[in-house]
1. Would region 3-231 count as rounded, prolate or oblate if I go by the C-alpha gyration tensor, calling it rounded below 1.5 in a/c and otherwise prolate when a/b exceeds b/c, oblate otherwise?
2. Which value at 222 nm does the chain reach when only helices count, each DSSP H run of 4 or more adding -39,500 (n - 2.57), with the total divided by all residues and rounded to the nearest 500 deg cm²/dmol?
3. I'd like the orientation of helix 108-117 relative to the chain: the angle between its Cα long axis and the longest Cα principal axis, in ° from 0 to 90, rounded to 10.
4. Can you tell me the 0 to 90 degree angle between the C-alpha axis of helix 319-329 and the longest principal axis of the chain, rounded to 10?
5. Sort the chain into rounded, prolate or oblate with this rule: let a ≥ b ≥ c be the square roots of the eigenvalues of the Cα gyration tensor; rounded if a/c is under 1.5, and if a/c is not under 1.5, prolate when a/b is larger than b/c, oblate otherwise.
6. Could you calculate the FRET efficiency of residue 41 with residue 109 from 1/(1 + (r/R0)^6), where r is the beta carbon distance between them and R0 is 41 Å, rounded to 0.05?
7. Relative contact order for region 127-251: what percent, with Cα pairs under 8 Å and sequence separation of 6 or more?
8. Can you pull the one-decimal nm distance between simple spin-label points at residue 81 and residue 187, each 7 Å off the Cα toward Cβ?
Ligand code: SF4
């Protein structure tokens, strides 16, 4: 989970990248960076922290050039450290090249070991650097030929932006796990993780980059090139459930509409449950709760005040930080809750520790009963495609029965949305279009090549 944004042929390339990254901030809060093509010389500025902490007016002023790529990072592979902040920029026999990556290369360790054996020196511990070293070794006539040769060697999930003097290239893995969208702003092309970034930057949406497709933007023109045949699409369904902003269109459907529909689905599945009010854990839970309220006739109420300045708890790099921010960010509204039976909706239940705190807080403020409704099925298996879910041992649904989870979080009842309802609400009746591996634990149906990476990691976990 990271956010990437690139723009071509625009005199405000750095500033528009800033706007794009600021809009994608929810996808990663550890570091941010922008690289620009300043008359054939790549310059970049990366830093730890939020977009508005990393960039000042002066730093943006110094990032001259009409092409730019940018990145906000949440680490899945490689530690939270400045050396892993992206865009990564290298000078090699390819010349100057910068890369921004969203995803997880599942065979990166094996590829890296091979490259190091033959003398490659890595400047980061991130899996993203592997593609640059591969490209430097196994070259084609042009950068796009080079990438077309080397991208198929990668397993796992990726949306990449590459920049060399005069050229920006976007590429999406053959399964389409991670999103990449194309937009237009006057004569400029934009590539971004989410549609909201393109629209906030003033552009219009053109289309999604297809799985296995590469787009090459140079001299004001865009060419599409296929570097691998598209496999059965397995777009991450969690984009709809949690990651994407409600004003984005993800996996083919408006995120707001899909979440509203998921809430309605939950209400249908819980049609016999009586309560005084329904509420959501902000922010994503709110839309689910509105959909639930409309379908069930149970009134919606805001049960929490959210402090917006603490960050998203799921995407903080370690458990200690996660717990701290979870505690800081949600304050129950006592008057709304006291003496009431509350249906509380959250997007997912991962470790259960945050839900436990929230339920405890509601009870402390006088809630009569708390019925916890989860807007996705139980997460029983880790993600190996770019989302930092914990190991199997830390996933509560992998370890405990429904009743034991209910007792652990202290709720009076607990319900998960069924997988068929989730798939239906996400707008595509063909469930093979989505990756649902973390709900099923089945990876080989999801990605042949990536499952090799999974098999290795699963074996390591079993040890
Ligand atoms: S395993 Fe889960 S989180 Fe990972 S890509 Fe698949 S649906 Fe998304």
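1. Values: a/c = 1.41, a/b = 1.21, b/c = 1.16.
Since a/c stays below 1.5, the shape of region 3-231 is classed as rounded.
2. After summing the helix terms and dividing by the residues of the chain, the value is -9000 deg cm²/dmol.
3. 30 degrees
4. It is inclined by approximately 60 degrees.
5. In terms of gyration-tensor shape, prolate.
6. 0.80
7. 23 percent
8. Computed distance between label sites residue 81 and residue 187 equals 4.4 nm.
Computed from the coordinates by the stated procedures, all read-outs in this text should not be read as laboratory data. What you are looking at is a predicted structure, and each value in this text was computed from that prediction instead of being measured. All Cβ positions, even for glycine, are placed from backbone atoms using ideal geometry, and neighbour counts span all protein chains on display.
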